[in-house]
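Since every read-out is calculated from the coordinates, none of them should be taken as a lab result. None of these values were measured; they are calculated from a predicted model. Note that each Cβ is placed from the backbone with ideal geometry, even for glycine, and that neighbours are counted across all protein chains shown.
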Amino acid sequence: MQQMSSASPHLLEIAWEACNQVGGIYTVIRSKVPAMIEYWGDQYCLIGPYFPQHAANEFEPTDDYSDVYGQAVLELRAQGVECYYGTWLVTGRPRIVLINPYSAFGQLGEIKYFLWENHQIPTSNEDLLHQVLAFGHQVKQFITILAEKTQVVAHFHEWMVGSPIPDLRREQVPVKIVFTTHATLLGRYLAMNDPNFYDQLTSVDWQREARHFNIEPAVSIERAAAHGSHVFTTVSEVTVRECIYLLDRIPDTVLPNGLNIRRFIAMHEFQNLHLTYKKKIHKFVMGHFFQSFPFDLEKTIYLFTSGRFEYRNKGFDLTLEALARLNHRMKVSKSDMTVVMFFVTKQPFTTINPHVLHSKALMEEIQDTCDAIQEQIGERLFYDAATSSDHRLPELNKYVDDYWKLRYRRTIQSWKTHLLPPVVTHNLVNDQTDEILHFLRTSNLVNNSDDRVKVVYHPDFISPTNPLFGMEYGQFVRGCHLGVFPSYYEPWGYTPLECVASGIPAVTSDLSGFGDYVKKNIKKHTDKGIYVIDRHEKSFDESAEQLTQHLFDYVELSRRERITQRNKVEGLSEMFDWKKLLVHYERAYQLALSTNQE
């Protein structure tokens with residue numbers, strides 16, 4: 001890509017999640033940085049809120065204020081705003097301005113008054129809204145200063161940073177504004193609560209529904225930002241309809257999300273990584289299941305789903321229904337395969353289940369005992385082999401001390417149990433009302449020994465400090481065979497994209513932005529390891545049956561066929577590299593620069 005010249009405009013990207021990880025937008029902004037730097041160079045800068053606990057790990061202040069951004073920061077400070085300028089410590093190391101929302105809390109009364117007086121935007125006394133409004137006011141001040149020094153394109157992400165847009169237009173600040181909604185706020189709420197969301201979208205009374213869900217201020221800001229921007233964008237064709245009916249504006253262009261794809265020079269590299277991390281998952285599975293009953297790990301398939309806990313929106317309900325059907329189908333066909341399905345999400349819990357931890361600890365003791373026996377046998381066998389004239393392999397039992405024999409037998413005896421392996425790894429706060437557990441219990445999918453489908457529900461995110469897995473989430477993904485994400489509501493969908501980037505096949509749906517993009521842009525995507533479930537204008541039962549069939553087909557693949565499919569998926573990942581997708585962003589910026597509106 002060609003870098004911008006000094007005569008070109010400066011690009012500001014404003015996001016609540018710049019240097020402040022809250023959810024998915026953080027991944028969008030952070031992963032896009034290297035491609036943005038390559039194109040925009042020193043003329044690119046981010047703005048985010050200053051929260052000391054996040055900034056401590058990701059922000060490095062500068063003492064060089066010589067460029068236009070640094071000069072604007074000094075002027076903003078002179079106006080009494082607490083703000084910082086420096087580098088965001090992520091790949092690409094972009095310039096970033098961090099502004100402390102709390103330094104404008106003294107002006108909140110005035111800010112709220114003029115939002116209502118000038119733009120009819122109502123407010124409330126929620127702390128997040130106060131932070132958002134104060135931050136928006138400060139961003140407006142910064143952009144006003146910067147626009148006097150150079151030509152500016154300001155790209156705002158989501159409603160949390162949308163509040164300055166109406167005033168920037170009203171005050172005719174010479175800045176070109178791009179606003180992106182990644183998911184309409186009202187759309188997410190409606191989809192969670194209305195099984196006929198897509199059918200009724202055309203007749204939604206936005207104000208009545210926003211009041212019903214108690215989100216009218218946020219929705220009003222989102223609508224004002226959409227209407228006030230020179231260029232309005234969203235992340236997928238799926239969300240275009242939402243924007244039309246809930247925000248009353250047709251998006252000017254679509255900005256699909258990518259990742260910073262790291263390609264492997266040799267094909268076998270990522271296959272080796274899959275094997276390495278699969279062995280770590282094997283270890284967890286042995287500790288969790290084998291105390292009750294063993295099964296053949298060479299004939300075991302690991303499926304997983306992950307993301308925030310939205311039972312319907314994320315397709316957890318459809319996944320569970322398909323698993324129950326798959327279990328039945330595998331039993332009927334007398335399949336010798338075992339499926340272990342991991343649900344990785346975040347739910348309130350008190351502790352990790354003591355039985356799960358105890359089983360893991362005992363298995364590690366068995367491992368230590370086996371290692372000690374192995375070492376003892378090895379030393380003694382080698383000595384005898386070197387000194388003996390007998391060429392036959394001796395009776396190995398005689399090399400093991402009685403102490404280790406006894407410890408080996410006792411540890412295994414204390415480990416084995418007749419209890420079923422628990423389906424949930426933690427003690428949930430809402431055990432009786434949890435929707436995943438309710439389904440598993442009522443359908444008797446509770447890890448019976450004859451079940452071909454076993455379930456592990458892990459209500460916490462996976463990280464290296466996690467005592468059960470002890471690995472990064474990305475490593476866990478690489479160790480699995482297939483990611484399952486048949487979402488009902490998903491404006492884009494990073495989880496299946498992360499699978500593709502890791503060379504792991506994935507299930508998505510045509511109601512997710514990613515699935516819709518795949519259907520329209522990748523021929524024979526099923527053969528290449530991306531399964532798109534049809535949910536648009538299909539019944540729940542039809543979609544569940546289609547998902548069951550896909551999963552059954554996948555389980556029936558041979559090891560060689562699974563490896564071939566992983567190679568094909570890894571080959572597709574390049575399509576989703578930011579370097580390829582940035583062209584959509586550049587189109588939006590050129591469109592903004594070509595507008596004559598003030």
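Could you work out how far helix 24-40 tilts from the main Cα principal axis of the chain, as a 0 to 90 degree angle to the nearest 10?
70 degrees
Roughly how many debye, to the nearest 20, is the charge dipole of segment 470-584 about its Cα centre, given +1 on each Lys and Arg Cβ, -1 on each Asp and Glu Cβ, and no other charges?
On the way: 15 positive and 17 negative charges, 111 e Å.
My answer is approximately 540 debye.
Which value at 222 nm does the chain reach when only helices count, each DSSP H run of 4 or more adding -39,500 (n - 2.57), with the total divided by all residues and rounded to the nearest 500 deg cm²/dmol? Provide the component values of the computation, followed by the final result.
Details: 22 runs with 286 residues, N = 598.
Calculated at 222 nm, the ellipticity per residue is -15000 deg cm²/dmol.
At most 14 other Cβ atoms within 10 Å and a DSSP loop assignment: could you name the trypsin sites (Lys or Arg not before Pro) in segment 367-404 that fit?
Values: sites: Arg380, Arg392, Lys398; in loops: Arg392.
When the trypsin sites (Lys or Arg not before Pro) of segment 367-404 are filtered for loop state and at most 14 Cβ neighbours within 10 Å, Arg392 remain.
Taking 2.2 N^0.38 Å as the expected size of a compact globular protein, what ratio does the Cα radius of gyration of segment 462-598 give against it, to two decimals?
On the way: Rg = 17.6 Å, N = 137, 2.2 N^0.38 = 14.3 Å.
So the Cα radius of gyration is 1.23 times the expected 2.2 N^0.38 Å.
Extending each Cα 7 Å along its Cβ direction at Phe540 and Thr253, get the distance between those two points in nm, one decimal.
4.1 nm
Based on the Cβ-Cβ distance from Arg93 to Thr465, what FRET efficiency comes out when R0 is 30 Å, to the nearest 0.05?
E between Arg93 and Thr465, to the nearest 0.05, is 0.70.
How far is helix 108-119 tilted, in degrees, relative to the longest principal axis of the Cα atoms in the chain, given as a value from 0 to 90 rounded to the nearest 10?
70 degrees
If I fit a long axis through the Cα atoms of helix 68-78 and take the longest principal axis of the Cα atoms of the chain, what angle between them do I get, 0 to 90°, rounded to 10?
70 degrees
Please report the relative contact order for the chain, taking Cα pairs under 8 Å with a sequence separation of at least 6, and give it as a percent rounded to a whole number. Spell out each step's value before the answer.
Numbers: 1010 pairs, mean separation 86.8, N = 598.
Reported relative contact order: 15 percent.
Tell me, what ³J(HN,Hα) does each residue in segment 90-104 have, in order and in whole Hz, if you take phi through Karplus 6.51 cos²θ - 1.76 cosθ + 1.60 with θ = phi - 60° and put x for Gly and Pro?
Those phi angles translate into 10, 4, x, 6, x, 5, 8, 10, 10, 10, 7, x, 5, 6, 10 Hz.
In debye to the nearest 20, how big a dipole does the chain give about its Cα centre with +1 on each Lys and Arg Cβ and -1 on each Asp and Glu Cβ?
Values: 60 positive and 72 negative charges, 300 e Å.
It comes to approximately 1440 debye.
Computed over the Cα atoms, what is the radius of gyration of segment 305-387 divided by 2.2 N^0.38 Å, N being its residue count?
Details: Rg = 22.2 Å, N = 83, 2.2 N^0.38 = 11.8 Å.
So segment 305-387 has a normalised radius of gyration of 1.89.
Can I get the semi-axes of segment 202-299's equivalent ellipsoid? Compute them from the C-alpha gyration tensor as square roots of 5 times the eigenvalues, in angstrom, largest first. Can you show the working numbers first?
Details: eigenvalues 459, 107, 24 Å².
Over the Cα atoms of segment 202-299, the ellipsoid semi-axes are 48, 23, 11 Å.
What residue among Leu185, Leu46, Val340 has its Cα farthest toward the positive end of the dipole of the chain, where the charges are +1 on Lys, Arg and -1 on Asp, Glu, each on the Cβ?
Farthest towards the positive pole: Val340.
Between His584 and Gln53, what FRET efficiency follows from the Cβ-Cβ distance if R0 is 30 Å, with the result rounded to 0.05? All intermediate terms of the calculation are to be shown ahead of the outcome.
Values: r = 34 Å, r/R0 = 1.13.
The formula returns an efficiency of 0.35 here.
Based on a Kirkwood Rh over C-alpha pairs, give the Stokes-Einstein translational diffusion coefficient of segment 356-415 at 20 °C and viscosity 1.002 mPa s in µm²/s. Let's see the in-between values first.
On the way: Rh = 12.9 Å.
Taking Rh from Cα pairs, D becomes 166 µm²/s.
Convex hull over the Cα atoms of the chain, averaged projected area in nm²? Intermediate values should be presented prior to the final figure.
Numbers: hull surface 131.5 nm².
Over all viewing directions, the chain projects a mean Cα-hull area of 32.9 nm².
Within a Cβ distance under 14 Å of Tyr102, other residues only, what is the Lys/Arg minus Asp/Glu net charge? Intermediate values should be presented prior to the final figure.
On the way: positive: none; negative: Glu82, Asp127.
With Lys, Arg at +1 and Asp, Glu at -1, the net is -2.
With θ taken as phi - 60° and the coefficients 6.51, -1.76 and 1.60, list the Karplus ³J(HN,Hα) couplings across segment 446-456 in order, rounded to whole Hz; mark glycine and proline as x.
10, 6, 5, 5, 8, 5, 7, 10, 10, 10, 10
Tell me which trypsin sites (Lys or Arg not before Pro) from segment 400-446 have a DSSP coil assignment and no more than 14 other beta carbons within 10 Å of their own.
Hits after loop and neighbour filter: Lys416.
For segment 39-71, which chymotrypsin sites (Phe, Trp or Tyr not before Pro) are both in a DSSP coil and crowded by at most 16 other Cβ atoms within 10 Å?
Values: sites: Tyr39, Trp40, Tyr44, Tyr50, Phe59, Tyr65, Tyr69; in loops: Tyr50, Tyr65.
Counting only loop positions with at most 16 other Cβ atoms within 10 Å, the chymotrypsin sites (Phe, Trp or Tyr not before Pro) in segment 39-71 are Tyr65.
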